[in-house]
Each structure stands twice: as structure tokens, then as C-alpha cells.
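All of the numbers you see were taken from the coordinates with simple rules; none came from a lab. These numbers were taken from a predicted model, which means no experiment stands behind them. Don't worry about glycine lacking a Cβ; one is built from the backbone with ideal geometry, like all the others, and counts go over all protein chains shown.
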Amino acid sequence: MRFGFDDDQIEIQRTATALLEARSALDRVRENAEAGTDDNGLWTELCELGWPGIAISEDFGGQGFGLVELAILLEQAGRTLPAVPLLPTATAALAIQTAGSDEQKERWLPGLATGEISGAIGVAVNGRCEVAACAPTAAVAVLFDEEGGARLVDLADALVEPVDTIDPTRRYSSIEGPGVELPGDTDAAFDRAISAMSAELTGVASRATELAVAYVKDRKQFGTPVGAYQAVAHMCAGMLLGTESSRSASYHAAWAADADESKLSEAAAVAHIASVEGARDVTSACIQAHGGIGFTWEADPHWFYKRAQLDAQLLGGTSESRARLADSIADRVGAADEADED
Amino acid sequence: MDLTFSEEETEFRDELRAWLDANHPGEEPAGDENAEFAWRVEWQQRLNEGGWAGVHWPVEYGGRGATLMQSAIFFEELGRSRSPLPGNGLGLLLAGPTIMAWGTDEQKDRYLNPILSAEEIWCQGFSEPEAGSDLASLKTMAVRDGDDWVINGQKVWTSAAQWSKWCMLVARTDSDAPKHKGLSYFLMDMEQEGVEVRPLKQMTGGTEFNELFIKDARISNDNLVGGEGNGWMVALTTLMNERSGLAFFLQVRTRQLLEDLFGYANESGKIHDPCVADKLAGFYTRAEVLRLTAYRGLTQIERYGQPGPEGALTKWMWSSLNQDVTQYAADLIGPEAITSDSHWSYELMRARGNTIEGGTSEILKNIVAERVLGLPRK
């Protein structure tokens, strides 16, 4: 039971942190968000580093690492909100790798892994996805449905229309069109997708905490930094609790995906719930900690709040994960009780 | 990142599980606190005979020399098997490690072994009526008189004092020195006239803790630990020990309460109510996050020798979760859960103390804000 990263992972984390902090500073995030643009230069650079394919097998042009390494990158992406389709591309690829046919893998993975094409993810109801994380140039989408299946949609054959959401830091679209089923274990694919997303949300919560703490140390009222007031200090302590809860759950889910498939289903549901609730609460508190300034467009907390709100729905709400988790635990407890009676 | 146990750790766990299966202390005697305590003392004696009492104690002091991880496994398995904490828990977790760290060779020879065997029970005399979270403002005085110190004052929340032979006592030896600096740490014999123990009845009706009235009690200078004026430093060792192993025991107990609640929801069919399932899943998520965060804290200590932010968060997480789970149990189970002497009514009331004992949640939030986030103090 050791959560420490190995040397490779520490190096990946260090590189990702330094690169994204430099290249996706908050004024850059604002620039892209306000103009509705993608950061193509940065995306090219990240693709050259192999980021979209970090968890994809080398047989398909990826780096051959796992979800833990992808989670490390996504956490930093959540901290810095670069205008690049990293989560959707990496996650679409991961879903195809997990549940796709050989033919589907050969057709799509090399392009996604190298970033030559980008991917989209979302949830479809009656064949239509209202809001997919989707760059305008995305080539392929993986859409999960309520019945636990997943379809692969070639976006060249689909109707893709931009959707203005409350989150301008990333591009979103509706998708409607024919697709083909991913024939493999789509539950495992979905669990990997929500685990990956929980890493991004951990980064979102983490940065919101950093921003709030820095602000309340600096901002003075009645001659005192507002962070010295316990009502404010305790709110910040609660932000750390939300962030670290999300982080614990997200690391565990990523590890389970790589090392112990039998634990993945519950771990992913826990990560989904903890990270969505953590990030929504923490980003909301971040705005509160900033006071009136926090509610303005000019301040940065709202980017993180909005991303948390979008991620919270991107792969379905947490009610589904709660229902699934309750079923799973109830079955386990029921089976143990029966064994005791025998 | 490897979230499995190593081969040695798995072996350790399996050996312990087998031992706990074969030696389980059985049902807790109901209703009588003296009998319950005697049962826990017997339990410690059995643990000691099996070599499991001082799991985290070094081999040279009669312990098993377990690693931090093994010690966590020990407390987790103890909880999982629904065994109680050993009767002399304060001796094992607090007094022993403090004496090992600060005591003289004579003190180690004299005190450590009877702690392990539970021949001598220990209590902790830190808190006072005017000094709860603000420990540095203790008023109990120790005045030198020849080879002895003479103690006068009052202590409160002293668990197990009614059964204790010894008390870890922090008292003021220099009233002119600044708050932290005038304190010293003593080992006080409880069996003397100057020490009066009065049980404090809790809202549960039980008397887990007591008040100590100390009037002209005497402590030999040989029983000073860590030197005069170093009481604050010595006490900190004790307080740091208090939180580590126990966290793993407590998180498992809460998890069991939650599993019992799942069991009840299964049997009653209430699990099919989506509102119930939704609530229970939320609690399970928090229980799982607590377990994982406790292990993250352990990784941090193993790697860097000191606890990271996780350590300060787990007690807060656990106490609020335990309260929420027991409160929801009362909702779900209904009248039985608020009937005197029912298991759930006890759990509900006992949980109320969780956010106070061992550091209130308010103080823990201050610690997180000041020491982890670096926020200014007012």
C-alpha cells in the first residue's frame, strides 16, 4: 500500500508541471477562453512529447505507460487548463484500446496516440450526445450510453455542431450520427474514462485551493489578512480536504486500472464521486474566498468552477456511479452475510 | 505506486489473521464497565503471550519490531476481526513509546515490560479544566522537595484512571518561564493518598474518563522524564504517537458500522430505495477515501520521515464520517436506534464525542490552515 511515484513518474510530473505552468499561465488561459481558440502550438508540442498516447501500447504508436502516468499529466492539465484536447483524445484512445476490436484499434489508435488526430468523449442518449468534449477538428468520438455500451463514431460521418457551454476553456460539441459498437468490455472502458477525468478534476481542485490560499494571505480587511479569520481559514482547510480526497480516490482508480482490474469498478465509481463533489465544492469555495472579486469575469477562479461543472456531467452524473457503487457493496456484504450463516 | 501489500506484509497479515481467528476474545461483556475493562486487559495478556501486544515496539523492548506499514495492518486487522483495543492501550501507544524515546535506562527497565503485559495500567494526565486545546497553559504545579516533587492541581478527561497504576503527568515546574518552557513530564504513581479519581459520567451514561484531584501527591525525581523543563517536547512525542496507529483501527470500525448498515438495508429491502442507496454510496465513498488517505499519509512518513497534509486530515474525516453514518443509521433503523442500551443508540451517542476527543475538529482545521496551508494567525 504505497502511493509514492517511481522515478519515471516523478520525472513525468516534474516535466508536466513545469511545461504547463510556463505555457498555460492564467493570462494565456484567458486569452484562449475569450477568443474561443485552441492552443495549437502547445498541442503540437504536447503531441511531440507523446502525451495523448502515454497510456497507449507501443504497438499502436503510444508510449506504453499506464493510467497512472496519464493521470499525472491530466492532473497538471486540470491545474493549468491549457486549451488543448488532451482529456478527450487520451480518453477516447484508452476506451478504444480497452474495448475496441483489433480493426478499430488499428484504424484509430496510431493517429490518436501521436495526436495526428484528436478524439472526443461524451455520453449519448438515443444516439445523440448533447455535450461532448470535442475539438472542432476531432476525427473520432467514443460515446457511452446508459445501457453500459459504447459506440465509436467516425466524425466525418456525423453531424457535429459546436455547443456554447458555460466553460469556455475547452471546446464542446453535440454529436449525432451512426456509430459502431465497441465490442469489448465497455464497462472497463468507461471506468478508465471516469478515472482519467477524476485526475483532471483533482488538478482543478488543487489549483483552486492554491489560488484561494494565495489570495486570502494577501487580501487585507480591518488591517488583517482575511486568511487569519477562522471562518475563512476553516473554509480553506475544507478545500484541502476536498482536494486530497479527490487525489486519494483518483490515484487509487488509476492504479487499479493498471494493476488490479478486479478493484477498478468500485475504485472508479469512488473516484468519480469524490472528484466531482470535491472539485465542485472546492471551486465554489475558491470564488467565495475571493469575495466580490471572485464573482467577476476579471478574476480567474471562475475558469476552474466552470471546468468542474462541465466535467461533472461530461460522462454522466454521479448518481449513476452512486447507484452502481451501492449495488456492488450491498452484494458484497450480502454474500459475506450468507457465508457467515453457512 | 503499488497499492498491494508486499510479500512480507501479506505473510504478516495472514499470520495475524490466523492468530486472531484462533484467539478471538468473543463477545464483550455487556453493561458492566469493570468487567469490560477486565476483559480488555485479559485480551492484552493473550495478545502479549502471542507476541502481538507491542507490535510496533522494538524487539529489544519485547515488541515485534513491526514497520509502520505492519503496524497499520495490525490495527486494521484488529478492527476487522471485531476485536477490542488492548486494555492498556494508552500504555502501549503513548507511555511506552515516550519512555523509549526520552526515558533513562532505569525507567525503561522498570516500566516497559509491565506495560506490555498489562500488569500496570497507564493513564494520561495532560488536559485540565482550564487547559484543553491550549495545553501550554497548564496550571498543575510540581514543586521540588528533596528527592521528590510535590504535585498540586487538577486533571480532566483522564481515560482509564480508575484502573491505572501510573499516570503520564505534565505539570508546571517553573511558573516564571514562558508558557511552553516551564513544563515537565512525570510518571506519577496513582496509588497514593494525594490522588483522588472521580469518574465523569458521559452523555452515553458510561464513565470512560475521570477527573483527577491531586493534593500534595509525591513523585520521586527518578520519575521525571526528559529532564526538568522539557515537558512540552516530551508531551509532543506522546501526542504524535496518539494519532498514527489508532487511525487505522478507527477507520475500520466505521467501515464495519457502514457494512452493518448495508447488511440491514439488504435484509429490510431498503437498499432498493434509491435515496437509501445514494446515501450509503456517499458514505462508502468517504470511508474509502479515508482509508486511502490514511495509507497515503503512511507513504509520506516512510519516504520523508514526517507526516504530510494527510495526517492532519484523517482524524477530521473519520470523526465527521462516523457521526454522519451513525446519524443516518438512526434514520434508517428507526425507533430501535434511539432505544436505550441498543447497539445503535450507543454508537450514535458515542460518535458525538468523536469531533471533540483527541483534538476538536476546530483545532484540527486551525492546524491544517496554519501548518499545512501556511495561513497567518490572528
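Tabulated data for the structure shown
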item	result
Exposure proxy order (Cβ contacts within 10 Å, fewest to most) of B:F213, B:F262	B:F213, B:F262
Partners for A:K217 among lysines (Cα-Cα distance below 19 Å; same-chain residues under 8 apart left out)	B:K365, B:K378
Ranked by how many other beta carbons lie within 10 Å on average, peptides B:78-87, B:171-180, A:152-161 from highest	B:78-87, A:152-161, B:171-180
GNM top mover of B:K365, B:K315, B:K139 - chain B, alpha-carbon springs below 10 Å	B:K365
Amide H partners (placed H, <5 Å) of A:I56, local residues excluded	A:Q63, A:G64, A:F65
Label point at B:D2 placed 7 Å out along Cα→Cβ; residues across the stretch A:243-267 whose backbone nitrogen lies under 12 Å	none
Simple spin-label estimate for A:N126 and A:S328 in nanometres, 7 Å along Cα-Cβ	3.1 nm
Taking A:F304, A:F144 and counting other C-beta atoms within 10 Å, the order from fewest to most	A:F144, A:F304
Cβ charges +1 (Lys, Arg) and -1 (Asp, Glu), total dipole of the stretch A:187-341, debye	1120 debye
Segments A:326-336, A:234-244 sorted - mean Cβ within 10 Å per residue, highest first	A:234-244, A:326-336
Chain B: equivalent-ellipsoid semi-axes (sqrt of 5 x gyration tensor eigenvalues, Cα, Å)	35, 23, 22
Rg(Cα)/(2.2 N^0.38 Å) for the stretch A:187-341, N = residue count	1.22
C-alpha long axis of helix B:105-116 to longest principal axis of chain B, angle in °	30 degrees
Fluctuation leader among B:L47, B:L183, B:L135 - chain B, Gaussian network, Cα springs under 10 angstrom	B:L135
Cα shape, the stretch B:7-116, gyration tensor, a/c 1.5 rule	oblate
The stretch B:194-265, Rg to Rh (Cα coordinates; Rh as Kirkwood inverse mean 1/r)	1.17
Those lysines that a straight Cα-Cα span of less than 27 Å connects to B:K108, excepting residues fewer than 8 apart in one chain	B:K155, B:K165, B:K181
Residue-averaged [θ]222 nm for the protein assembly as shown, counting only DSSP H segments that reach four residues, each worth -39500 (n - 2.57)	-18000 deg cm²/dmol
P(r), alpha carbons of the stretch B:293-378 - 10 Å bins starting at zero, rounded %	17, 34, 27, 16, 6
Stokes-Einstein D (µm²/s) once Rh is taken as the Kirkwood radius of the stretch B:122-229 over alpha-carbon pairs, at 37 °C in 0.692 mPa s	238 µm²/s
Residue mean of other protein chain beta carbons inside 10 Å, A:266-274	4
Potential lengthening between B:E33 and B:S220 on full extension [0.36 nm per residue; Cα-Cα distance subtracted]	64.1 nm
Normalised per residue, the volume of the convex hull around the Cα set of the stretch B:234-372 (Å³)	115 Å³
Computed over the protein assembly as shown, Cα set: Rg, Dmax in Å	28.3, 96
The stretch A:149-213: Rg to Rh, with Rh as the Kirkwood radius over Cα pairs	1.10
Descending semi-axes in whole angstrom, ellipsoid equivalent of the stretch A:107-222, from the Cα gyration tensor	33, 16, 14
Among A:T224, A:Q97, A:A189 the positive-end extreme of the charge dipole of chain A (Cβ point charges)	A:T224
In the stretch B:145-240, the GluC sites (Glu not before Pro) that fall in loop regions by DSSP, at most 11 other Cβ within 10 Å	B:E191, B:E193
